[in-house]
Structure formats: structure tokens, C-alpha cells
1. Name the single residue, out of those in the stretch 30-47 being assigned to a loop (DSSP other than H, G, I, E, B) and out of contact with any strand residue (DSSP E or B) (no Cβ under 9 Å at 6 or more places or on another chain), that is farthest from residue 73 (Cα to Cα).
2. For residue 80, all conditions in the list (1) buried (at least 18 other Cβ atoms within 10 Å of the Cβ); (2) without any contact (Cβ under 8 Å) to a residue 12 or more places away in the chain hold save one; what is the number of the exception?
3. For the condition out of contact with any helix residue (DSSP H, G or I) (no Cβ under 8 Å at 6 or more places or on another chain) and assigned to a helix (DSSP H, G or I), what is the one hit in 76, 68, 27?
4. Is there any pair linking a residue in the stretch 11-36 that is on the phi > 0 side of the Ramachandran plot and surrounded by fewer than 18 Cβ atoms within 10 Å (Cβ to Cβ) to one that is at pLDDT 95 or above and part of a helix (DSSP H, G or I), with Cβ under 9 Å and at least six apart or on different chains, and which?
5. State all residues of the stretch 83-94 that are exposed (fewer than 12 other Cβ atoms within 10 Å of the Cβ) and either at pLDDT below 95 or more than 15 Å from the chain's Cα centre (by Cα) (or both); if no residue qualifies, say none.
6. Could you pull out the residue among 97, 59 that is in contact with a strand residue (DSSP E or B) (Cβ under 8 Å, 6 or more places away or on another chain), part of a loop (DSSP other than H, G, I, E, B) and either free of Cβ contacts under 8 Å to residues at least 60 places away in the same chain or exposed (fewer than 15 other Cβ atoms within 10 Å of the Cβ) (or both)?
């Protein structure tokens, strides 16, 4: 039995490269279906001047092996130069999705 892998991904653009980052992410995320994966949610930071991530994604893979195969996808690797030009850093971690009707209205990070 395989285990789904859901990832939360934060991506920061290099200064002035926000549009390029969004274009790059659009290109690589189109490769997900070939690995049985999907974008659960994709959001762009409304405040481009903040130090928060430029883009936040929730990605779902059918298994950790499918995620590893996606990372090794030759078409994704062909875009490495583009990625290096627009992405400052990426942070990703596995999550379990929860259903909630609560809507947060305050901006910021909390402990």
C-alpha cells in the first residue's frame, strides 16, 4: 500500500524576479500529473514588498517515490537555469491537511 505525501512549499523570489518566479513555478508544476501528483492549492503573496514567501503551494503526491521521481524529471532539470535566476530559496515540509471553516484575517506569523 502506498502512502500519499502532501507538501507545503514556500518559495521566495530573488529581488525583482517575482513575475519570473511565478512563470517558472507554472512551468514545473505542469509536470506534476506525469507523476500522479497535483496542486491542491497555489497562492501568491499579495504584498510583494514583504519578506514573506512570494508563493505558497500545497502539493499532493501519491507516494514519496513519486515525489523523488518528480525531482529527477529531465524536463524539470532542464529548467534549472531559469530556477536559479528567479528563486532565492525554497522551504518545504510534509503536512496533513485538515478541514476547517475558520478564516484568518490578520496578517503575520504567530507562535
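1. Filtering first and then ranking leaves 47.
2. Every condition holds for residue 80 apart from (1).
3. Exactly one of 76, 68, 27 is out of contact with any helix residue (DSSP H, G or I) (no Cβ under 8 Å at 6 or more places or on another chain) and assigned to a helix (DSSP H, G or I), namely 68.
4. 36/66
5. 84
6. Just a single option satisfies the conditions, and that option is 97.
The values are calculated or read from the model by the stated rules, or taken from the named source; none is laboratory data. A quick note: this is a predicted structure, and the numbers were derived from the prediction, not measured. So basically every Cβ, Gly included, is an ideal-geometry build from the backbone, and we count neighbours across all protein chains shown.
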